[in-house]
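The values are calculated or read from the model by the stated rules, or taken from the named source; none is laboratory data. Here the structure is a predicted model, which is why all the values come from computation and not from measurement. When we count neighbours, we look across all protein chains shown, and the Cβ atoms used for this are built from the backbone with ideal geometry, even at glycine. Side chains are part of the model used for accessible areas, which takes the heavy atoms of the whole protein and leaves out ligands, DNA and RNA. Shrake-Rupley method; radii C 1.70, N 1.55, O 1.52, S 1.80 Å.
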Number of protein chains: 2
Amino acid sequence: MNWQVGTMNHVNDIPDKFFEAVVPGAVQLDYMQAYKKAPFAFGTNVNDYRHLENRFWCYKTTFEKPNLNEGENLIFLSKGIDYEFDIILNDSLILHQEGMFTPVKLVLNEYLKELNTFKVVIYPIPIAKGQAEGRSQANLSVKPPVPYGWDWHPRLVPVGIWDETTIRIEPKTQISTFDFTYQLDNDLSQANINIQFNVANSNSNELSYSWSLYDANKKIIANEDGEVNKENTIISASINKPSLWWTHDHGTPYLYTTELQIKDTDGKIIDRKSRKVGFRKVELVMNAFSWDEPKVFPKSRSTAPFTLKINNRFVFVKGSNWVHPELFYGAITSERYLQQLILAKQCNMNMLRIWGGGITNKESFFDHCDSLGIMVWQEFPLACNNYPNDPHYLKILEQEAISIINKVKKHPSLAMWSGGNELFNSWSGMTEQSHALRLLNSLCYKYDRNTPYINTSPIYGVGHGHYLFYDPDTDEDVFQVMRRAKNTAYTEFGMPSLASVEVLKQVIPKEELFPVEPSEAWKIHGAFGAWKESSWLEIKTIEKYFGKAENLEELVWQSQTLQSIGYKAIFEEARRQKPKCSMALNWCFNEPWPNATNNNLITYPNITKPAFDAVAASLRPVTSSAAFKRFDWKAGETLEIDLWMLNDTYQTVLNGEIIVSITIDGVKTKIGNWNFEDLKENENLQGPTIRYSIPENTKMQLVKVSLEVVGKEAYNSDYLLLVNSRKNDTRKVNRLNF
Amino acid sequence: MNWQVGTMNHVNDIPDKFFEAVVPGAVQLDYMQAYKKAPFAFGTNVNDYRHLENRFWCYKTTFEKPNLNEGENLIFLSKGIDYEFDIILNDSLILHQEGMFTPVKLVLNEYLKELNTFKVVIYPIPIAKGQAEGRSQANLSVKPPVPYGWDWHPRLVPVGIWDETTIRIEPKTQISTFDFTYQLDNDLSQANINIQFNVANSNSNELSYSWSLYDANKKIIANEDGEVNKENTIISASINKPSLWWTHDHGTPYLYTTELQIKDTDGKIIDRKSRKVGFRKVELVMNAFSWDEPKVFPKSRSTAPFTLKINNRFVFVKGSNWVHPELFYGAITSERYLQQLILAKQCNMNMLRIWGGGITNKESFFDHCDSLGIMVWQEFPLACNNYPNDPHYLKILEQEAISIINKVKKHPSLAMWSGGNELFNSWSGMTEQSHALRLLNSLCYKYDRNTPYINTSPIYGVGHGHYLFYDPDTDEDVFQVMRRAKNTAYTEFGMPSLASVEVLKQVIPKEELFPVEPSEAWKIHGAFGAWKESSWLEIKTIEKYFGKAENLEELVWQSQTLQSIGYKAIFEEARRQKPKCSMALNWCFNEPWPNATNNNLITYPNITKPAFDAVAASLRPVTSSAAFKRFDWKAGETLEIDLWMLNDTYQTVLNGEIIVSITIDGVKTKIGNWNFEDLKENENLQGPTIRYSIPENTKMQLVKVSLEVVGKEAYNSDYLLLVNSRKNDTRKVNRLNF
């Protein structure tokens, strides 16, 4: 199917020129291709796309009238058109819709001529009147706000046909809905299954159905046959000892296949639908010790529950905040999702928070998460705005939310719904009273009540931040911040670093590469003014610890080293705070275009930063771990190393010995050990504090503290700390890596 | 209509004996009357009713077949039958229902014989299996938990026909629903009204309607005429500059009357319905300064909104927690409600929290609140329990909640919905994830979204407690507790005292009256073991300040004086914390039977305690106020008196002068003054701290600090403090009253 697209001033205009369109995709990508625009990710090129925001666009395809049998329809089918649009066949307006998440399915028969012109007219991007430039312009639409401009995303708002779209012949008699729900017994020994389906045009024939559930070896586990009702047909079944869906770190993400066949009286198969399903129970319960607070009168409430139980098991959640991996999300493919999700699994992550600033992903994303055993925390597309009690907005939100729920709820990887990002903080200004959130809670309760729902993140007890290695406002480094933090979960925390030199050369004009100054290109790519003026490069922090870099390559090493150290500090401290703390998700995993500086672990498109490996190490199911009071120490001071063994598995970890060493001036010295007992399932063990006097004459340098678990190399951990000499340092630091 | 009732072992038994029944009422009351039982409120008599819990009861009435015209039905109508019941006419089971808040309306025609026996069979009280004795036995039913036993309520669980009930002839063609909703413009200058009604049996005739809105002077403000639809009929109207419904302390609780008449083609009125309505806008918004927190990373959410805006005006909420005024709530009359609500208004209260442990009141309660200008915070009947995700429970809860919402939402006095009491604390164990609360939020959103909904009290930022004048655990008195409290609202706080000597003589056996010992009678009436072992008499606290009382009358004075001082301290401190604090509601206003000791302001049935007057003074719209660091001082110490003027009105309070005096040994001495500026609308003014050295040789005594506002006696305030001598006191304190 060939699509063309053109642009116009008014909804009823005809474009002067049509050019080739890639569907699914985005009109801006087609425009860029047609007009041979320079790559949008380079320099300040992104600004050249701003004038396209208030354009109308017309997709067009032509086709001859197909031969339709009596029992057939010609169907237009789209899983997503972004954002407001008309659908027109031969000058007949068939549909006007606002909302990119509600699929479109239209029967075209009655509009057909011999030669047909099919059009999708896309409206200008939605902009809430009276709002200042930026994300708040998205606060009256169910359009993800991130492309309106974010610290890691330039202002560039995609529109167009963004998900699978086709025109095809389909039988009139077909399975129109096919729901599969289940309830697990309290002890998970039985799954009670309920299947409901509808057959469109079922009046034309006496129909029978055959439903089967297959296991992963394609063996039939359950099956039912019967007559199709004119209305809803309901099937009940139950299976004993179902293999459960587990996250990859706790078991097998076991998937079954549910299949429905519809047959006519001759036994001929009229239609067939099948999909993968998994059995899992998910609950959001109180964190350990949370009911003990508050202790004194007047008493307020206890903190909100934030511990996930999967299949009756407390699971410590380790993961990241996911953002869509292409700025033009219409261009994301199943393979693109898969590449990054495999990396998330390699990083020992068992959950991704799909943050409300971005899109709800295409269905293949959830298929991969199901298969890989990665949980999904799905937010609705609300973030950092005050979405008002506006009747039109609430109507579109209801429509879009129902579509999102119906798409996602089928997937066993779904672990939690959330209304959106940071809505209960001053920069958003929403509350429990906001109708949008009461509506979303209502809809999730109505359609998927057995999956937890939260209004937003953070809720009471949960923490977002910090996003800096060192905060001059409180004079604390990341070790110090985390030692005083007492949250039930850390669902966002960041640690910025530069991209690799190779990536920087691809996005920053050569003459601006070094020394790094706050030019427009660096700013657009997140190095300056992204959050505070100093974000995200935070050059003063880098220089505070390491001194001035002599070249770009050195600066990249400094920046990436701090990121690795910082992320390791936060993730491990969060784990050590288990069971009071239940979750650690950093901001962020990936990015939609190549930023020069960002808090991500993976540079666009799929380049791991050194912090990726550091985090993967910190998130091993079993690991040794050391806690430090701060990052930088002075020669002559006594370094304190709090030893831990961490166990997030449900196996006992057998006793052993940790040897603690420190490497100074390239010389490794044993400074202590710990004979640790057996670790019980899902329990950490706190060991002794090793004290070591840093020699008075130590020069300024990075030193390495190593924990070696005798005979269990897989549990070893390394830490880098900074030692300052007793004299004024020249701030020239050795390069030492993990 | 004459009703009889009898008791039986099984649902299908016939009672051995029927005795007279009062309808509405409770079976236990009828039983008590029939068997001439001693008054249940005296001594330990209440225990004699325990064996009735697992009985079935049969109400019976007989009547001859009435002459019914073709257009008439014989109807059974009940506004409430408690709790599970069958309705049987001439041995035909017409209805089985669980739930006391869902009205019953049944057409009896088809079951009629010449002589008819109509029965209502009441089941035993609901008791959740496996639960320990007490309130948790109510955690699988929508039965208010308080009669299962509470600190101020004995175990005595009413059942029976508890609200208006009748059998009567009605026309078949009648108005079956008549809804009136409205939206006020942002500036409140216009009310857009929507009326929807249904007419039952409207097919039989061509019908017209006439709808009118009358103002308080019976003048027609709006009216519409038209044809009645077979289905829903919808009328729209709008009125300019509606007189708004205000609380009594902010304006007039203005009420209109909406009236609908249905006429046949001859213009004959077939049916007519009318009721009072009021226009008001109510919002729950963030408290002042709440968005400023949290300040440091990791950042959690800001506190939940808890400031009420009525008609775009911030209203400081002052009031109390209401409990139903009769243990046998079926016996409550409209007059009984009115007597107590007039007292609440006299106490300068503008809101009552209808706590989830008790019933949702009968409709006349809300009518009175509408007329008197008292806001209602209505909770659903959930309290201090973990109501589980049980399908049957949730089904009954949905049915009952819809009935409650439809009854209450019509009333302009309704200011807030709440899921129930203290559900997010350890002693309940519910969370945002509980299906019952997600359901209630959904239903309130669906049927009454413009009224605020909270899941429970306290929510984040709100405080419950303290309930003691002095807490030995923290060694703090009520002044000290409130000085460190920083809550957004104080929605429960208590201060116990003995009932009057006269009341005590009515409920405690004579020989147990004095000295007071923890006998069963005292315990059942709340003096011992009600909360802690010492509650609520707290005799050690009384003796700590006042020494041992010589007789009952002295003990009552001591206890009631501490209650007055304590309540005054809390209410005024909450007001001084405005606008950060927005609300102060004490626990509790009234009681359902005469307790010997309780936190109430009104002893059963309608006897005001001295604290009632003290609270009324503290809640005057404009008042002077003094803050103290603590209650007891030593001779020679410097007493500090922080001066304030408090203004909850939207009028400017003109400048003036406060003269501060202290009365010691009966001698009143001027110790300071304050020339205060004008107070702006709804703003308090903090004045100087007056310091006064208590003479070294002062004997132990209560002293009085008086604030006299020159020329404005109405703003004067008095405070009692305790001074201890420098030597060991004999703890014999003078009687000094406010």
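So which of A:ALA304, A:ALA331 ends up being within 14 Å of another protein chain (Cβ to nearest Cβ) and either buried (at least 17 other Cβ atoms within 10 Å of the Cβ) or within 18 Å of the chain's Cα centre (by Cα) (or both)? Spell out the reasoning first.
Numbers: A:ALA331 fails: within 14 Å of another protein chain (Cβ to nearest Cβ).
None of the others qualify; the one that does is A:ALA304.
B:SER364 passes all but one of (1) among the small types (Gly, Ala, Ser); (2) open to solvent by less than 10 Å² (accessible area, probe 1.4 Å); (3) out of contact with any Leu (no Cβ under 7 Å at 6 or more places or on another chain); (4) more than 11 Å from chain A (Cβ to nearest Cβ); which number fails?
(2)
Taking B:PHE101, is it part of a strand (DSSP E or B) and among the aromatic types (Phe, Trp, Tyr)?
Details: part of a strand (DSSP E or B): no; among the aromatic types (Phe, Trp, Tyr): yes.
When the stated conditions are applied, B:PHE101 does not pass them.
Go through the residues of segment B:342-351 one by one and say whether even a single one is touching a Phe, Trp or Tyr at 6+ places or on another chain (Cβ under 9 Å), more than 14 Å from chain A (Cβ to nearest Cβ), assigned to a strand (DSSP E or B) and crowded, with 24+ Cβ neighbours inside 10 Å.
Start the filter on segment B:342-351 by keeping residues that are touching a Phe, Trp or Tyr at 6+ places or on another chain (Cβ under 9 Å), which leaves B:343-344, B:346-347, B:349-351.
From what's left, more than 14 Å from chain A (Cβ to nearest Cβ): B:343-344, B:346-347, B:349-351.
Checking which are assigned to a strand (DSSP E or B) leaves us with B:351.
Keeping just the survivors that are crowded, with 24+ Cβ neighbours inside 10 Å gives B:351.
Scanning segment B:342-351, I find at least one residue that is touching a Phe, Trp or Tyr at 6+ places or on another chain (Cβ under 9 Å), more than 14 Å from chain A (Cβ to nearest Cβ), assigned to a strand (DSSP E or B) and crowded, with 24+ Cβ neighbours inside 10 Å, so the answer is yes.
Of the conditions (1) open to solvent by 10 Å² or more (accessible area, probe 1.4 Å); (2) more than 21 Å from B:PHE289 (Cβ to Cβ), A:GLY419 fails just one. Which one is it?
Status for A:GLY419: all satisfied but (1).
The rows are residues; the columns are (1) in contact with a His (Cβ under 8 Å, 6 or more places away or on another chain); (2) at pLDDT below 95; (3) under 30 Å from A:LEU29 (Cβ atoms); (4) of a type outside the set (D, E, K, R).
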site: A:GLY358; (1), (2), (3), (4): yes, no, yes, yes
site: A:PHE366; (1), (2), (3), (4): yes, no, yes, yes
site: A:CYS384; (1), (2), (3), (4): no, no, yes, yes
site: A:PRO388; (1), (2), (3), (4): no, no, no, yes
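Identify the residue in segment A:661-687 that is open to solvent by 50 Å² or more (accessible area, probe 1.4 Å) and assigned to a strand (DSSP E or B) and, among all such residues, is farthest from A:ASN312 (Cα to Cα).
So the first thing to find is which residues in segment A:661-687 are open to solvent by 50 Å² or more (accessible area, probe 1.4 Å), and the list is A:665-670, A:673, A:675, A:677-678, A:680-681, A:683, A:686.
After this cut, where a residue has to be assigned to a strand (DSSP E or B) as well, the list is A:667-670, A:673, A:675, A:686.
Numbers: A:VAL667: 48, A:LYS668: 45, A:THR669: 45, A:LYS670: 43, A:ASN673: 37, A:ASN675: 32, A:GLN686: 26 Å.
Top of the filtered list is A:VAL667.
Within segment B:655-667, is even one residue among the polar types (S, T, N, Q), farther than 29 Å from B:LYS727 by Cβ and in contact with a Leu (Cβ under 9 Å, 6 or more places away or on another chain)? Walk me through how you get there before you give the answer.
To start, the set of residues in segment B:655-667 that are among the polar types (S, T, N, Q) comprises B:655, B:661, B:663.
The next check asks that each one be farther than 29 Å from B:LYS727 by Cβ; those that pass are B:655.
Among the residues that remain, those that are also in contact with a Leu (Cβ under 9 Å, 6 or more places away or on another chain) are: B:655.
Yes, that holds for at least one residue.
Please tell me if A:PRO124 is over 28 Å from A:ILE396 (Cα atoms) and open to solvent by less than 40 Å² (accessible area, probe 1.4 Å). Don't jump to the end; show me each part of the working.
Values: over 28 Å from A:ILE396 (Cα atoms): no; open to solvent by less than 40 Å² (accessible area, probe 1.4 Å): yes.
Answer is no for this residue.
Sort out for me the strands (runs of 3 or more DSSP E) sitting completely within segment B:109-186 that have 1 or more residues that are of a type in the set (D, E, K, R) and under 30 Å from B:LEU213 (Cβ atoms). Talk me through it step by step, then tell me what you get.
Numbers: elements: B:115-122, B:165-171, B:174-184.
Ranges flagged: B:165-171, B:174-184.
Only one of (1) away from chain B (no Cβ under 14 Å); (2) in contact (Cβ under 8 Å) with a residue 24 or more places away in the chain; (3) surrounded by 15 or more Cβ atoms within 10 Å (Cβ to Cβ) fails for A:GLY529. Which number is that?
(2)
What are the residues in segment A:285-322 that are touching a Ser or Thr at 6+ places or on another chain (Cβ under 9 Å) and under 24 Å from A:ASP367 (Cβ atoms), if any?
Residues satisfying the conditions are A:LEU308, A:ILE310, A:VAL315, A:VAL317, A:LYS318, A:ASN321.
Are any residues in segment B:413-442 more than 22 Å from B:ASN350 (Cβ to Cβ), more than 9 Å from chain A (Cβ to nearest Cβ), touching a helix residue (DSSP H, G or I) at 6+ places or on another chain (Cβ under 8 Å) and not small (Gly, Ala, Ser), and if so, which ones?
If the condition is that a residue be more than 22 Å from B:ASN350 (Cβ to Cβ), more than 9 Å from chain A (Cβ to nearest Cβ), touching a helix residue (DSSP H, G or I) at 6+ places or on another chain (Cβ under 8 Å) and not small (Gly, Ala, Ser), then B:MET430, B:LEU440 are the ones that fit.
Restricting to segment A:201-218, and then to whatever is touching a Phe, Trp or Tyr at 6+ places or on another chain (Cβ under 7 Å) and in a strand (DSSP E or B), can you tell me which residue is surrounded by the fewest Cβ atoms within 10 Å (Cβ to Cβ)?
Residues of segment A:201-218 that are touching a Phe, Trp or Tyr at 6+ places or on another chain (Cβ under 7 Å), as a first pass: A:213-216.
Next, from what is left, pick out any that are in a strand (DSSP E or B): A:213-214.
Working: A:LEU213: 22, A:TYR214: 18.
The qualifying residue surrounded by the fewest Cβ atoms within 10 Å (Cβ to Cβ) is A:TYR214.
Given the structure, is A:ASN198 part of a strand (DSSP E or B), at pLDDT 95 or above and surrounded by fewer than 17 Cβ atoms within 10 Å (Cβ to Cβ)?
Working: part of a strand (DSSP E or B): yes; at pLDDT 95 or above: yes; surrounded by fewer than 17 Cβ atoms within 10 Å (Cβ to Cβ): no.
For A:ASN198, the condition - part of a strand (DSSP E or B), at pLDDT 95 or above and surrounded by fewer than 17 Cβ atoms within 10 Å (Cβ to Cβ) - is not met.
For A:LYS407, indicate whether it is under 16 Å from A:ASP82 (Cα atoms) and either of a type in the set (Gly, Ala, Ser) or modelled with pLDDT of 95 or more (or both). Lay out the reasoning, then the answer.
Working: under 16 Å from A:ASP82 (Cα atoms): no; either of a type in the set (Gly, Ala, Ser) or modelled with pLDDT of 95 or more (or both): yes.
The answer is no for A:LYS407.
Among the residues in segment B:492-503, are any of a type outside the set (Lys, Arg) and at the interface with chain A (Cβ under 9 Å from one of its Cβ atoms)? Spell out how you get there, then give the answer.
Filtering segment B:492-503 down to residues of a type outside the set (Lys, Arg) leaves B:492-503.
Still in the running and at the interface with chain A (Cβ under 9 Å from one of its Cβ atoms): B:492-493.
So far as segment B:492-503 goes, yes, one or more of its residues are of a type outside the set (Lys, Arg) and at the interface with chain A (Cβ under 9 Å from one of its Cβ atoms).
Considering segment A:13-37 alone, what residues qualify as being of a type outside the set (D, E, K, R) and either modelled with pLDDT under 95 or closer than 20 Å to A:PHE76 by Cβ (or both)?
A:PHE18, A:ALA21, A:VAL22, A:VAL23, A:PRO24, A:GLY25, A:ALA26, A:VAL27, listed by residue number.
Of these, B:ALA138, B:ALA132, which one is among the hydrophobic types (A, V, I, L, M, F, W, C) and surrounded by fewer than 17 Cβ atoms within 10 Å (Cβ to Cβ)?
Details: B:ALA138 fails: surrounded by fewer than 17 Cβ atoms within 10 Å (Cβ to Cβ).
Within the list B:ALA138, B:ALA132, the selection yields B:ALA132.
Can you pull out every residue in segment A:284-301 that is assigned to a loop (DSSP other than H, G, I, E, B), closer than 24 Å to B:TYR470 by Cβ and within 7 Å of chain B (Cβ to nearest Cβ)? Show your work before the answer.
Narrowing segment A:284-301 to residues assigned to a loop (DSSP other than H, G, I, E, B): A:286-289, A:293-298, A:300-301.
In the following step, the residues that additionally are closer than 24 Å to B:TYR470 by Cβ were identified as A:293-298, A:300.
Answer for segment A:284-301, where residues must be assigned to a loop (DSSP other than H, G, I, E, B), closer than 24 Å to B:TYR470 by Cβ and within 7 Å of chain B (Cβ to nearest Cβ): A:VAL296, A:PHE297, A:PRO298, A:SER300.
Taking segment A:579-593 on its own, how many of its residues are under 30 Å from A:LEU504 (Cβ atoms) and either more than 17 Å from the chain's Cα centre (by Cα) or polar (S, T, N, Q) (or both)? Step through it out loud before you land on a result.
So the first thing to find is which residues in segment A:579-593 are under 30 Å from A:LEU504 (Cβ atoms), and the list is A:584-593.
Next, from what is left, pick out any that are either more than 17 Å from the chain's Cα centre (by Cα) or polar (S, T, N, Q) (or both): A:586, A:590.
Summing the residues that are under 30 Å from A:LEU504 (Cβ atoms) and either more than 17 Å from the chain's Cα centre (by Cα) or polar (S, T, N, Q) (or both) in segment A:579-593 gives 2.
Taking segment A:707-724 as the region of interest, how many residues are open to solvent by 10 Å² or more (accessible area, probe 1.4 Å) and either in a helix (DSSP H, G or I) or of a type in the set (Ser, Thr, Tyr) (or both)?
4
I want to confirm something. Restricting to segment A:68-89 and keeping residues that are modelled with pLDDT of 95 or more and acidic (Asp, Glu), which single residue is surrounded by the fewest Cβ atoms within 10 Å (Cβ to Cβ)?
Among them, the one singled out is A:GLU72.
Every residue in segment B:455-485 that is within 20 Å of the chain's Cα centre (by Cα), of a type in the set (Val, Ile, Thr) and more than 7 Å from chain A (Cβ to nearest Cβ), please. Steps first, answer last, please.
Restricting attention to segment B:455-485, the residues satisfying the condition of being within 20 Å of the chain's Cα centre (by Cα) are B:455-459, B:462-467.
Those still in the list that are of a type in the set (Val, Ile, Thr) too: B:456, B:459, B:462.
Correct list: B:THR456 only.
Give me the residue from segment A:39-67 that is open to solvent by 10 Å² or more (accessible area, probe 1.4 Å) and assigned to a strand (DSSP E or B) and, out of that set, nearest to A:GLY25 (Cα to Cα).
Of everything passing the filter in segment A:39-67, A:LYS60 is nearest to A:GLY25 (Cα to Cα).
Collect the residues in segment A:270-295 that are free of Cβ contacts under 8 Å to residues at least 12 places away in the same chain and open to solvent by 50 Å² or more (accessible area, probe 1.4 Å), keeping them in residue-number order. If you could, list the steps in order and put the result at the bottom.
Taking segment A:270-295 as the starting set, the residues that turn out to be free of Cβ contacts under 8 Å to residues at least 12 places away in the same chain are A:291-295.
Of everything in segment A:270-295, those that are free of Cβ contacts under 8 Å to residues at least 12 places away in the same chain and open to solvent by 50 Å² or more (accessible area, probe 1.4 Å) turn out to be A:TRP291, A:ASP292, A:GLU293, A:LYS295.
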